[in-house]
Amino acid sequence: MEQLKLRGDYITLGQLLKAAGLVDDGVEAKERIRAGEALVNGETDTRRGKKLYPGDVVSFHGTEIEVVREIH
């Protein structure tokens, strides 16, 4: 499982997919999320703006990414 380190309090689902390199841009993220291709903590979520916090796990086409807090 990959990890994505938060720089702020949260990251949105669309931003996570872009930051992880799983989509090319925001338009593709929006389309794929609305099509139900992303799972958040095992459940389909169709909201591009869904806020993700440390401990959340996103699954997208066989890739799992855990959101973790960046340690300063």
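Per-structure values
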read-out	value
Test: residue in the range 15-25 that is of a type in the set (Gly, Ala, Ser) and outside any loop (DSSP other than H, G, I, E, B)	yes
Near pairs, Cβ below 6 angstrom, 6+ apart or cross-chain, from the range 52-72 (farther than 15 Å from Gly14 by Cβ) to any residue that is of a type in the set (A, V, I, L, M) and not in a strand (DSSP E or B)	Glu64/Met1; Glu66/Met1
Residue match in the range 45-66 (condition: surrounded by 13 or more Cβ atoms within 10 Å (Cβ to Cβ), touching a Leu at 6+ places or on another chain (Cβ under 8 Å), assigned to a helix (DSSP H, G or I) and of a type in the set (Gly, Ala, Ser))	no
Pair list, Cβ < 6 Å and 6+ apart or interchain, from the range 6-21 residues that are hydroxyl-bearing (Ser, Thr, Tyr) to residues that are open to solvent by 70 Å² or more (accessible area, probe 1.4 Å)	Tyr10/Lys51; Tyr10/Tyr53
Scope the range 1-14; condition out of contact with any strand residue (DSSP E or B) (no Cβ under 7 Å at 6 or more places or on another chain) and either part of a loop (DSSP other than H, G, I, E, B) or open to solvent by 90 Å² or more (accessible area, probe 1.4 Å) (or both); matching residues	Arg7, Gly8, Asp9
Residue match in the range 30-40 (condition: surrounded by 15 or more Cβ atoms within 10 Å (Cβ to Cβ), at pLDDT 95 or above, touching a Lys or Arg at 6+ places or on another chain (Cβ under 8 Å) and in a loop (DSSP other than H, G, I, E, B))	no
Residue under evaluation Ile71, criteria (1) modelled with pLDDT under 95; (2) surrounded by 12 or more Cβ atoms within 10 Å (Cβ to Cβ); (3) assigned to a loop (DSSP other than H, G, I, E, B), criterion not met	(2)
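The values are calculated or read from the model by the stated rules, or taken from the named source; none is laboratory data. Since this is a predicted model, take the numbers as computed values, not measurements. Please note: Cβ atoms are built from the backbone with ideal geometry, for glycine as well, and neighbour counts cover all protein chains shown. Accessible surface is based on the protein model in full, side chains and every heavy atom, while ligands, DNA and RNA are left aside. Shrake-Rupley method; radii C 1.70, N 1.55, O 1.52, S 1.80 Å.
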